[in-house]
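Each reported figure results from applying straightforward, stated rules to the coordinates on display, with no laboratory input. Only a predicted model underlies this, so the values are computations on that prediction, with no experimental measurement involved.
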Amino acid sequence: MCRAVVADRARRSSGLWCRRPSSDEPGEGDAYSRSHLSTLLDRQQAGTITEPERAELAALFQLYQEGLLRKAHALAEAMRRGLRDPLNP
């Protein structure tokens, strides 16, 4: 069983079944996840990535994008409630 978090749709399509790491954000702060992502990116660049690895890499990027969107919404809500000053451009 791998430790990287893979989106449900990628798990269904590629057959990967992974468990969620203990950190709040998948792939953030988890040395194994960062190392695994780096390995997948290296394999992709070298042209040696397998189809299941390609699906896992796509799912990891999807999770990363979803996390960024969640953070942006949270920041906007905090500013709306006056909990945080607006960001300067």
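Observations on the model:
- A simple rule links phi to the HN-Hα coupling: the Karplus curve 6.51 cos²θ - 1.76 cosθ + 1.60 with θ = phi - 60°, which for the stretch 31-42 gives 4, 4, 4, 5, 5, 5, 4, 4, 4, 5, 5, 4 Hz, with x for Gly and Pro.
- In order along the stretch 63-77, the Karplus-derived 3J(HN,Hα) couplings, from 6.51 cos²θ - 1.76 cosθ + 1.60 at θ = phi - 60°, round to 4, 4, 5, 5, x, 4, 5, 4, 5, 5, 5, 5, 5, 4, 5 Hz, and Gly and Pro are given as x.
- The string of couplings for the stretch 46-60 from the Karplus curve (6.51, -1.76, 1.60, θ = phi - 60°) is 7, x, 10, 6, 8, 4, x, 5, 5, 5, 5, 4, 4, 5, 5 Hz, one whole number per residue in order, with x for Gly and Pro.
- Cut-off under 5 Å, modelled amide H: who pairs with Arg84 long-range: Met79
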